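The values are calculated or read from the model by the stated rules, or taken from the named source; none is laboratory data. These figures come from a predicted structure and were not determined experimentally. Here Cβ is always computed from backbone atoms with ideal geometry, including for glycine, and neighbour counts include all displayed protein chains.
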Amino acid sequence: MGKEFLIAGNWKMYKTPDESRQFIEALAGTFPETAGLTVAVFPPFTSLAVVRCLDRKIRIGAQNMFPEDAGAYTGEVSPLMLRGLVDFVLVGHSERRQVFHESDDDVNRKLLAALRHGFLPILCVGETLPEREAGQTLSKVEGQLRLGLAGVAGDAWANVTVAYEPIWAIGTGRNATPAQAQEVHRFIGGWLAERAGAGAAIQVLYGGSVKPENSLELLSQEDISGVLVGGASLKVESFSAIIHSGLKLLGA
Ligand code: 13P
């Protein structure tokens, strides 16, 4: 079976609704719809209604979601509010964990709520620099997978995606080398196959300083099936160049 790529752009807290619309309109013309390639962007909540349906080949995701359907949760956004607006939901991004103190249990509740509501959750995992230097990378990632994916069973596995984002590589310009990333991806792929069955073919994305200069080599690694791009997803030229790395590897 050939590879299938997911090229995702996490815009974080950037772009107004107008800027988001202009971005999607400009990006849409830069690549063809291609079998084996999914392109998705994760705009801020305030842009979701604006970018929805602008271009069918660009899928939309939310950067976060509260796990309850409704209630007295000032400032939060529920799964019901996201219905019809997004396909994907990011859960457990390291900025949510670090800046907003989300625990593995919070992340797990969001992931299960996303699955329950028919979204495709992308669980983010990754180690800090001290953890890497202490040789704790795989145990940290294993713990985040185990706790974040607790309670996922049966067919639901097929709707899960994992993103490996080493925290020391996020926004630093210092990406994991393709070999460093591949080692962790191999581990994650094996962990998932043991639980979900090898046939589930769960995609595992790499994130952390992905840019046009390194995307081809990262995507070439055997166990990397896509990228989650921050800074380089904010400009049409650089995000499109990363999409074209995927197209090249698909032979399109
Ligand atoms: P950068 O690509 O800016 O390093 O961000 C990665 C990221 O956090 C994507 O979710």
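Candidates in the range 176-187 are the residues that are modelled with pLDDT of 95 or more and either in contact with a Pro (Cβ under 7 Å, 6 or more places away or on another chain) or away from the ligand (no atom under 16 Å from the Cβ) (or both); of these, the one that is nearest to residue 151 (Cα to Cα) is 187. Selection within the range 73-110: residues that are surrounded by fewer than 21 Cβ atoms within 10 Å (Cβ to Cβ) and among the aromatic types (Phe, Trp, Tyr). The member of this set that is farthest from the ligand (Cβ to nearest atom) is 73.
In the range 155-167, the residue that is nearest to residue 119 (Cα to Cα) out of those that are part of a helix (DSSP H, G or I) and more than 10 Å from the ligand (Cβ to nearest atom) is 159. Considered as a group, the residues in the range 222-243 that are surrounded by fewer than 17 Cβ atoms within 10 Å (Cβ to Cβ) and assigned to a loop (DSSP other than H, G, I, E, B) include one that is farthest from the ligand (Cβ to nearest atom), and that residue is 222.
Here are 173, 151, 143: which of them is among the small types (Gly, Ala, Ser), at pLDDT below 95 and over 24 Å from residue 38 (Cα atoms)? Selected residue: 173, the only one of 173, 151, 143 that is among the small types (Gly, Ala, Ser), at pLDDT below 95 and over 24 Å from residue 38 (Cα atoms). Here the helices (runs of 4 or more DSSP H) wholly within the range 39-127 that include at least 2 residues being of a type in the set (Ser, Thr, Tyr) and in contact with a helix residue (DSSP H, G or I) (Cβ under 9 Å, 6 or more places away or on another chain) are 45-51.
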